[in-house]
Amino acid sequence: MIAQTLPPNDEGHALRNEPWYLAQRDEIALFDAAYAARLPVLLKGPTGCGKTRFVEHMAWRLYRQQDSARRQLDIPLLTVACHEDLTATDLVGRHLLAGDQTVWMDGPLTRAVRSGAICYLDEVVEARKDTTVVVHALSDHRRLLPIEKTGELLDAHPDFLLVISYNPGYQSVLKDLKPSTRQRFVSIEFDYPAPEQEAMIIAHESGAEPQLAQTLARIGLMVRNLKEHGFEEGVSTRLLVYAAQLTVGGIEPRRACDVAIARAVTDDRDVQQAITEIVDIVLP
């Protein structure tokens with residue numbers, strides 16, 4: 001049997017340029033402290049509020065602090081978008097046939113453990129329950145990854161960090177994190193930015209004029225207040241950026257809001273109409 005690691009692929013982020021991130025509270029200081037103590041981190045917050053960008057930003061910051069040799073060799077962040085068919089094998093690795101030989105291929109979690117990267121399991125509760133158990137020995141004082149198929153008990157690289165995320169407002173009880181998993185992580189909570197901050201983000205990400213960015217941020221705040229319509233999730237900062245990008249690209253603002261906000265967040269006609277009315281009120 002030949003053992004080798006997977007070549008770099010879309011899961012790995014070289015992060016040669018700084019991912020722009022606007023801090024909301026003390027999340028950067030909290031993550032820095034957690035990394036210094038090698039404490040696994042849980043990010044909680046609604047869809048599109050900046051959790052993934054935050055992880056990319058922090059990976060870049062920490063990567064820049066390493067010596068030049070490691071900066072040339074390592075991919076500092078490996079991201080796994082979790083889904084209901086994700087298995088422990090997908091994370092850890094598998095045997096594959098290569099000609100007349102059996103080749104072991106590391107999965108993204110194993111690659112991160114070996115190299116000292118950050119492994120980010122995005123929307124971890126979407127994965128099968130038996131999949132998340134594989135991270136238990138990595139997320140306590142042992143920092144070990146058992147690889148049953150090769151008989152290895154892999155010590156995590158000193159720079160390795162495990163980060164997971166999920167959206168507690170979106171998940172059902174059946175898809176919530178088990179206490180045995182949750183209580184292995186320090187938890188940093190995210191929410192949508194305040195309107196002033198959100199306007200800055202929209203303007204930076206889209207190139208929109210400040211007035212348009214401020215208008216879209218106000219629309220976002222008002223849409224998130226549609227609680228009485230049973231619309232709990234609201235509109236993400238990501239979608240507000242999309243609306244701004246469409247407008248900058250020449251699409252009429254109301255039409256941009258229709259396709260990037262009203263029709264993107266729901267199929268409920270009543271909620272779509274309520275969002276349209278908000279847009280008509282706010283847009284000049």
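Worth a mention:
- One residue stands out among those in the stretch 236-250 that are free of Cβ contacts under 8 Å to residues at least 40 places away in the same chain and among the hydrophobic types (A, V, I, L, M, F, W, C): the one that is surrounded by the fewest Cβ atoms within 10 Å (Cβ to Cβ), which is L246.
- Which numbered condition G234 fails, given (1) in contact with a Gly (Cβ under 8 Å, 6 or more places away or on another chain); (2) part of a helix (DSSP H, G or I); (3) of a type in the set (G, A, S): (2)
- At least 1 residues being among the β-branched types (V, I, T), surrounded by fewer than 22 Cβ atoms within 10 Å (Cβ to Cβ) and at pLDDT 95 or above is the threshold, and among the strands (runs of 3 or more DSSP E) wholly inside the stretch 110-221 those reaching it are 186-189.
- Scanning the stretch 260-284 for residues that are within 18 Å of T215 (Cα to Cα), aliphatic (A, V, I, L, M) and over 24 Å from the mean Cα position of the chain (by Cα) yields A274, I275, I278, V279, I281, V282, L283.
- Which listed residue is without any contact (Cβ under 8 Å) to a residue 12 or more places away in the chain, assigned by TED's automatic domain parsing to the domain that holds L22 and over 26 Å from L240 (Cβ atoms), from H157, H141: H141
- Residue under evaluation R269, criteria (1) modelled with pLDDT under 95; (2) closer than 25 Å to P168 by Cβ; (3) out of contact with any Ser or Thr (no Cβ under 7 Å at 6 or more places or on another chain), criterion not met: (2)
The values are calculated or read from the model by the stated rules, or taken from the named source; none is laboratory data. Given the structure is predicted, the values throughout are model-derived calculations rather than measurements. With ideal geometry, Cβ positions are generated from the backbone for all residues, glycine too; neighbour counts draw on all protein chains shown.
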